[in-house]
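Encoded as structure tokens, the structure appears first; notes follow it.
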Amino acid sequence: LQNVRIDPSSISFQMWKDIPVPFYLSVHFFEVLNPKEVLQGAKPVLSQRGPYVYREYRTKTNITFHDNDTVSFLEYRNLFFQPDLSNGTEGDYIVVPNIVMLGAAVMVENRSNLAKFLLNLATMKQEAFMNRTVGEIMWGYEDPLIGIISSLAPGLLPFKGKFGLFADFNDSNSGLFTVNTGMKDISQVHMVDSWNGLKKVNYWRSSQCNMINGTSGEMWPPFMSPTSLEFYSPDACRSMTLVYEQSGKFQGVPTYRFVAPKTLFANGTDYPPNEGFCPCMQSGIQNVSTCRFNAPMFISHPHFYNADPSLVDAVEGLHPSKEQHGLFLDVHPMTGIPMNCSIKLQLNLYIKHVLGITQTGKIKPVVLPLLWFAESGSIEGSVLKQFYTNLVLLPSLLDYVQYIFLGLSVPLIISAAVLMAMSK
């Protein structure tokens with residue numbers, strides 16, 4: 001118990017402070033093979049490109065302990081491209097939707113004709129689909145539309161001039177987490193007390209959906225039961241609950257595997273508790289526009305795994321499977337420390353023809369996959385060896401020695417009983 005608390009004297013503290021597990025971010029893009037036909041109302045044909053793999057380093061800063069048995073910290077992420085693990089380079093060109101323009105078109109659909117006129121004017125020289133490099137899509141490219149939006153509505157967008165899907169992911173933190181240290185109550189260790197000073201978020205339409213539940217997603221309280229686990233994900237703007245699937249072993253260490261239930265991204269009709277995440281479309285995609293500047297963005301499992309079949313049928317080139325697209329966490333139940341994990345999410349853009357916006361052509365309404373990514377990591381090397389020795393080998397040895405002593409004690413007890421009888 002002492003060694004799983006967040007305390008500088010505990011064995012696990014250094015592991016918590018500077019996670020020794022090598023994490024990798026693998027990004028797969030969906031290239032649109034028939035952009036001209038899509039503008040005429042055809043079904044999008046997609047081809048998966050990648051993976052483009054990045055080594056991810058995580059470090060905690062501003063670690064501050066408080067009197068109420070909590071600790072606050074910022075965790076920074078830094079990504080470095082790994083050519084030897086990637087299928088391609090950051091210089092690869094990929095045809096993708098013009099995310100800013102098509103997203104803005106849907107956003108002004110119910111606005112005034114003046115707003116539509118201004119958008120048409122601002123995007124006069126742009127096209128609905130663009131041919132950009134992986135590096136530009138990831139980290140940013142110059143977009144005049146962003147400059148225009150920023151001048152009309154200062155502070156609306158977090159970026160200036162450049163737009164990239166992962167521009168705010170690299171060399172950035174995921175917000176100020178304050179979590180329980182477990183000093184007084186070990187069952188609360190790692191549980192989130194607040195995030196950015198908030199006890200709940202205000203993105204969603206119900207108090208249940210706005211709740212910040214579970215941990216920050218790195219470790220869980222010890223002595224886990226084979227039921228479920230929760231964590232708050234700033235990237236998804238919500239808490240997520242994973243459910244127990246099976247027991248197993250990772251490199252000889254006992255684990256519980258937790259996976260996403262089919263209800264994770266279900267709509268409010270199929271799963272009423274998710275009504276607070278609406279307005280919803282089909283089950284299997286979650287509308288995150290309220291925490292993404294009202295842009296028509298949706299998250300899902302890769303290739304619309306566990307989603308309504310109509311989403312897969314609306315495009316060509318998707319092949320959902322549990323093995324490739326299901327997320328999982330393998331956790332050592334005694335300590336609550338993950339041994340092996342792969343968290344996978346897909347980013348999607350809702351596109352359609354918008355009356356009055358010339359560049360949208362005759363695009364039929366469709367939730368178009370942009371990319372999916374996996375954050376994966378597993379304990380290995382000296383850390384794994386230490387883990388196995390302290391938590392598997394030694395307990396097994398002590399258990400074995402216990403039975404040896406028990407076996408030796410039986411004759412001694414009998415001898416003592418005989419001697420006592422004889423002395424009488």
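The values are calculated or read from the model by the stated rules, or taken from the named source; none is laboratory data. Being a predicted model, the structure only gives us computed values, none of them experimental. As a convention, Cβ positions derive from the backbone with ideal geometry for all residues, glycine included, and neighbour counts pool all protein chains shown. Please note that ligands, DNA and RNA were not included when accessible areas were found on the heavy atoms of the full protein model with its side chains. Shrake-Rupley method; radii C 1.70, N 1.55, O 1.52, S 1.80 Å.
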Pairing a residue in the range 362-380 that is within 18 Å of Q346 (Cα to Cα) and in contact (Cβ under 8 Å) with a residue 60 or more places away in the chain with any residue that is open to solvent by less than 30 Å² (accessible area, probe 1.4 Å) and of a type in the set (D, E, K, R), where Cβ atoms lie under 6 Å and the two sit 6 or more apart in sequence or on different chains, gives A374/K344
Pick from S26, S12: which is modelled with pLDDT of 95 or more and under 22 Å from G217 (Cβ atoms)?
S26
Taking C209 and the conditions (1) open to solvent by 20 Å² or more (accessible area, probe 1.4 Å); (2) out of contact with any strand residue (DSSP E or B) (no Cβ under 6 Å at 6 or more places or on another chain), which numbered condition does it fall short on, given that it satisfies the others?
(1)
Please work out which residue is most open to solvent (accessible area, probe 1.4 Å), limiting yourself to the range 17-60 and to residues that are among the β-branched types (V, I, T), part of a strand (DSSP E or B) and touching a residue at least 40 places away in the same chain (Cβ under 8 Å).
T59
Could you please find all residues in the range 256-292 being in contact with a helix residue (DSSP H, G or I) (Cβ under 9 Å, 6 or more places away or on another chain) and hydrophobic (A, V, I, L, M, F, W, C)?
V259, L264, F265, A266, F277, C280, M281, I285, V288
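Would you mention how many residues in the range 207-219 are farther than 18 Å from F298 by Cα and either out of contact with any Phe, Trp or Tyr (no Cβ under 8 Å at 6 or more places or on another chain) or outside any loop (DSSP other than H, G, I, E, B) (or both)?
4
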Matching entry among N294, N348, N306 (being open to solvent by less than 70 Å² (accessible area, probe 1.4 Å), in contact (Cβ under 8 Å) with a residue 60 or more places away in the chain and outside any helix (DSSP H, G or I)):
N348
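Which of the following residues is aliphatic (A, V, I, L, M) and buried (at least 21 other Cβ atoms within 10 Å of the Cβ): V312, V367? Break it down into steps so the answer makes sense when it comes.
On the way: V312 fails: buried (at least 21 other Cβ atoms within 10 Å of the Cβ).
Result: V367 is the single residue among V312, V367 that is aliphatic (A, V, I, L, M) and buried (at least 21 other Cβ atoms within 10 Å of the Cβ).
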When the range 88-114 is checked residue by residue, the ones that are more than 14 Å from L349 (Cβ to Cβ), assigned to a helix (DSSP H, G or I) and open to solvent by less than 30 Å² (accessible area, probe 1.4 Å) are none
Report yes if some residue within the range 352-360 is under 27 Å from M138 (Cβ atoms), open to solvent by 40 Å² or more (accessible area, probe 1.4 Å) and not in a loop (DSSP other than H, G, I, E, B); otherwise report no.
no
Criterion first (touching a residue at least 40 places away in the same chain (Cβ under 8 Å) and either open to solvent by less than 70 Å² (accessible area, probe 1.4 Å) or farther than 22 Å from I343 by Cβ (or both)) does W195 satisfy it?
no
Output for Cβ contacts, cut-off 8 Å, separation at least six or different chains, first residue open to solvent by 20 Å² or more (accessible area, probe 1.4 Å) in the range 116-144, second assigned to a helix (DSSP H, G or I) and of a type in the set (S, T, Y), reads N120/T358
